[in-house]
Structures are given as C-alpha cells and as structure tokens.
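The next block holds one structure in the form of structure tokens; read it before the comments.
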C-alpha cells in the first residue's frame, strides 16, 4: 500500500476547532468539523473549477506508475488501488472534503457528496445519512441505501470478518453480524434495485451496526462516539460502486482471493466519466458519461462543490510513462497537458514561466518515516532506537535523497490536525552524533557486538536506494553496520501486513524499514486519528511497519473512538506523545513540500491548463489530478 496544490492566495487563520451545523441544499443536516491553525501559505497553482471555462476534446495526463491492484475497487478495503485514477471521476464518495478551504487555509470541513446530508445522535454514536435521490450508476442501476449497505458488509466479508475492517478503526460491534456466502447468494438472487422481502428484513435489522430505513437513508451505529466519522468516508471505503453489477459478474470473491474480473474491467460508478478502454501497465481512457446525474447542475452549484463538475474534456487519457524525460517531452510538445515531473527534469520547470506546478501546504499529511523494529535485537533496546534517531543527518538525507523538500515533523500526527499535533511541544529529532554515542555509552552498549542491521529497499526506486545509503553511512558513524538488500516490489511487501503480521514477521522485516520503501505516505481517511491508528496501534491493518504498540499509546488511539471530549483525547494523547518520543519506534523524516517525493510535482503549461483539484488526503488516494475539475485557458 502506497499512500502518499494549492492556491494563489495567502491567508493566516487563528487556532480553533468548531463543530458547525449546516443545512444542506438538497435535504438533511450536515455536521462537519472545522480546524484552523496559525499558519500562512502561498503557492503557485490554482485548484478551482468553473463550469464556464473552455473545454477540450481530449485531455492527456502522463503518470509515472500504473495503479497497484489495477482498477479493482474491491481493494479499497486494503487502501488500494493506488494511485486510483478513478477517484471522484468514476467513483464518488458519500462525503466530500471542502478542498478550497483545506488546501487554501488548512480548514478541514466535511460536505455532502452522494449523501445529501446527515444527522448525528446526541450521544455521538449514530450517524444517519440521507442519500441524494434519483442517481444512477453509469450502467443504469440505481444508487440507493441498499447498494451502500451491501458495499459496507462486502468489505467486512472480504476482511475475513475483522472488527477493524474500516480503515483499521474499531468503529462497529460486529458480534451479531452474519454476512457470508449465503447472504451474498440471497443478495444476488434478489438484486439491489428493489430488494425482496427476505433481503429487506436483513438490511433493516437494527441489531447489525449498519442498517437501512428506506431506499435513501442508511444508518451507521458506532459502538462509541467518533466526532470525525464522516472523514472515514471521503476516500477508499467511502467511494461508491455498483454492487448489483458486481453480484451479477462473479461477486466479491473470497477473503483470500478477491474477484479479479474487475482488475481491468472496473465496476460502474456514479461519476462524470466512464472507462472506455485500457491496456495493462499502459493507459486508461475515459469519456464523459452521457447519463451523469450531475450534468444538469447549475454553475452556482458546481462553484459551491467543484468536485461534482461534469468535466471540461470530452475524453481523458491517463497514460504511464515510466521515464521522466518522456513525460517532460510530452508536456513540452503538447502531447500531454499535465505530467508528473520528477527530479531529473525539475530544473527545467523551476523558474520557467511557461510552467506551473503544485506545492503542498505546510499542514499537509504526506510524510516519510523509518520504522525501528522493537521486536528484534538490538532495536528492541530503547537506547539503540534513541541513538539511531539522533545519528541520522536529516538535512543531508533530505538534500541527497528527497531533493531538499522534507520539512521537520514530529509524528505520528500530521500538522493539519493542530490540536493533536506534537502534543507536549517537542522538537523534531536532531542530528547529533555525540549525543547518539553518549546514549549508547550510558546504556553500556557496544555496537561492535551488534549484528548487521537489515534494511530492505524496493527495486526500481533509485532515490529509495540513495536514502538507504545515507542512513547506512550515518549509522556507521556510531558503529552500526547496515546491510541493504534491493528486492522486487512483490518480494519487498511480502512480510508486511497487519500489526500482528509485522510482529510475527519481525525477523524477516529486519531492524530498519523505510515505511513504504521510502516513498511518501498519505492518510487513508480524513480524520485526526488516521496516523495514530495507522502507525502506532495494535489494530493497524496496514502501516505499522515496525509492529509497535504500547498501552499508554493505545489508550490515546482508543480515545478517538470512545469519547467526544477533545480535552480527554488531548490528555491521553499528550501522555502517548511523550512515550512515542522517548521510545523512538520511528525516525520521523519529515513532511513533503512538493506534491511528489524526491523533488517533483504535477506540472502544466501556463495558458493551457488553468487549474484543478487533487487528492483530499494528500496523495493518500492518488497522485493524479481529479480530472473532471481540470479547467483550461
């Protein structure tokens, strides 16, 4: 799982957190959380959309890599496919983020998507979503609460009935749920456009945590309150696909073998584009959907929510060009209108007035980090981990491997969630060889007695190898030998999985592990709990590379989904922050200042493209533009 802009406006906002009630235009009441922080940002690009902008026949986007797990939306359970080019363009979510505020001034707000609005019970446990009506999937099937219900329980089934099936969060009490092959057979026989009485009885069962009340209303009953639950539906599990079509084309598959029919023949969505062609590891072509439900939206409605834009290009081609020179050539000659440009051609972009590019706002959530394995000798010794985080020359690492774009970061939280970021006011780990040596001496540790530390790197990523070499050189200064092994992509990811998997595979993982091989990592949900759940929880489904857990830290993780009291969460997480800082299970390398790791970004020619929106979870879902929002001229 890989997971990894901006506006021309400069703004400063005061620190605040507010829960705001907003009446949705369609119906219902919407809760969204507004977070501000004292920061100023300015950047080089506009991410706005207007229905009055000019249109083109074909938009071509050059990407650097083909999506992992192809186009199969079933893998949303595992936070894949990535990068998902179908995000919002084919598959729309129940909940949108207000990207204008998020990227412009750091305010994170939840707004209606396919849900027209939602209400929250007074105890914070029950979310009732009212769905937009009269929406069809591109094949004509109805989008309704029955489809949402079946998708949610389908993910639960594919997880192997894990209670933390939704992005590693322990949201639901699944004790009474019995969803498996016989249930799926009943859904297939009934269909989801107008389910039969047997299926309706099951879907309306209030003893299950997710249930429907009618075709346009679905209820999520959490076992504990969670203020940011809508943020779990912004991407991945919140992206809606046609389960009725899925059931008629082989079903979900099994927890050990997802249905592969949809790898290159994607399940229909409700979005403004449909997939019209593809070639494995080469390209995907899209065409505007003739039946898109949002085609009749007014200019003012699209301005209020540009993610619903029908699009300004009749056809879109997203093609893979693995060579950076080829991508830059396409961009410079007009063969592509937007391209991922990385370090080798970056000097041709910077300072050149004919090009514009995206930059990350300073509160972004794309991070780089190294896991220090506490389950294998000698990184199971706290003093060894403490010495390592002071032996790494972070500035040199950034300059050598990341083109100078890493900014200091104190994990696990990322800066956007300022009321939970760096609780206790710690400084980022500083490079200090003398201190590293002193820590080892105080613990009576002789590194000459240590085995060589294992550090695996994914093949095909020269910058990952460069980063590993910097770490190897740095640790040699305190007497630690590092053995770097270059592995194929498939071999690299074999030992990694859930927290429990990573603990069991500690010896295979080794003492050191660049999370995601050194690529950037972005959130899988838009909530402040995401990185706590991902990196330091014993319920993590993916991302806790070193297999780290601590009772004090877990109390913080659990607090996010057990209380509505922000002061209580802050108190528990302040204690957790101290433990994490002192125990050093990670070397937090930094947050990114550019959109792509290793000094690169999405680039376009001035006067050809005027702007677009991008991933609301900081490249955690995709690195490509949300192309229905691309405007021209």
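What follows is calculated from the coordinates using simple rules that are stated; it is not laboratory data. The structure displayed is predicted, hence computed values, not measured ones. Cβ placement follows ideal geometry from the backbone for every residue including glycine, while neighbour counts extend to all protein chains displayed.
Mind giving me the nanometre distance, one decimal, between the label points for residue 578 and residue 469, set 7 Å out from Cα along Cα→Cβ?
Here the answer is 4.3 nm between the modelled labels.
Could you calculate the contour length gain from residue 329 to residue 178, that is, 0.36 nm times the residue separation minus the distance between their Cα atoms, to one decimal place in nm?
Values: separation 151, 0.36 × 151 = 54.36 nm, distance 5.49 nm.
That works out to 48.9 nm of additional length.
State, to one decimal in nm, how far the label point of residue 489 lies from the label point of residue 193, with both points 7 Å from Cα in the Cβ direction.
3.8 nm
Pull out a ≥ b ≥ c, the square roots of the eigenvalues of the alpha-carbon gyration tensor of region 118-204, then state rounded if a/c is under 1.5, prolate if not and a/b is larger than b/c, and oblate in the remaining case.
It comes out oblate by the Cα gyration axes.
Distance between the C-alpha centers of region 241-291 and region 119-186? Whole Å please.
Comparing the Cα centres of region 241-291 and region 119-186, I get a distance of 19 Å.
Sorting 200, 174, 240 on the 10 Å Cβ count, fewest up front, what's the list?
Listing 200, 174, 240 from fewest to most nearby Cβ atoms yields 200, 174, 240.
With the crude spin-label approximation of a point 7 Å out along Cα→Cβ, what separation in nm comes out for residue 206 versus residue 606?
Modelled inter-label distance: 6.3 nm.
In nm², what is the average projected area of the convex hull enclosing the Cα atoms of region 367-592?
The orientation-averaged projected area of the Cα hull of region 367-592 comes to 11.3 nm².
Using R₀ = 51 Å, calculate the FRET efficiency as 1/(1 + (r/R₀)^6) where r is the Cβ-Cβ separation of residue 314 and residue 121; round to 0.05.
Numbers: r = 45 Å, r/R0 = 0.89.
Taking R0 as 51 Å, the efficiency between residue 314 and residue 121 is 0.65.
Pulled fully out, how much extra length does the chain show between residue 185 and residue 382, if you take 0.36 nm times their separation in residues and subtract their Cα-Cα distance?
65.7 nm
Sequence gap at least 6, Cα distance under 8 Å: using those rules, report the relative contact order of region 294-411 to the nearest whole percent.
10 percent
Under 8 Å for C-alpha pairs, at least 6 residues apart: give me the relative contact order for region 367-592, rounded to a whole percent.
It comes to 34 percent, rounded to a whole number.
Taking the Cα atoms of the chain, what is the range of coordinates along each of the three principal axes, in descending order and whole Å?
Cα extents, longest axis first: 71, 59, 47 Å.
For region 534-630, what class follows from the C-alpha gyration tensor (a ≥ b ≥ c being the square roots of its eigenvalues): rounded when a/c is under 1.5, otherwise prolate if a/b is larger than b/c, else oblate? Don't skip to the end; give the middle numbers.
Details: a/c = 2.96, a/b = 2.15, b/c = 1.38.
Prolate is the answer for region 534-630, as a/c is 1.5 or above and a/b outweighs b/c.
What number, rounded to the nearest 500 deg cm²/dmol, is the helix-based mean residue ellipticity at 222 nm of the chain, given -39500 (n - 2.57) per DSSP H run of at least four residues and division by all its residues? Please list the in-between numbers first.
Details: 18 runs with 155 residues, N = 633.
Theoretical 222 nm ellipticity from helices: -7000 deg cm²/dmol.
Neighbour counts of other C-beta atoms within 10 Å: give me 456, 615 arranged from fewest to most.
On the way: 456 22, 615 28.
In increasing order of surrounding Cβ atoms, one gets 456, 615.
Compute the relative contact order of region 191-301 as a whole-number percentage, counting only Cα pairs closer than 8 Å that sit 6 or more residues apart in sequence.
14 percent
Would any residue of region 148-180 have its amide N under 19 Å from a label point 7 Å out along Cα→Cβ of residue 256? List them or say none.
Label zone hits: 156-162, 180.
How much length, in nm to one decimal, is gained on full extension between residue 298 and residue 400, taken as 0.36 nm per residue of separation minus their Cα-Cα distance?
Contour length minus Cα-Cα distance gives 31.8 nm.
So for 557, 630, fewest C-beta neighbours within 10 Å to most, what's the order?
So the ranking, lowest neighbour count to highest, is 630, 557.
Once you have a ≥ b ≥ c as the square roots of the Cα gyration tensor eigenvalues for region 578-628, tell me rounded if a/c is under 1.5, and otherwise prolate or oblate according to whether a/b is larger than b/c.
prolate
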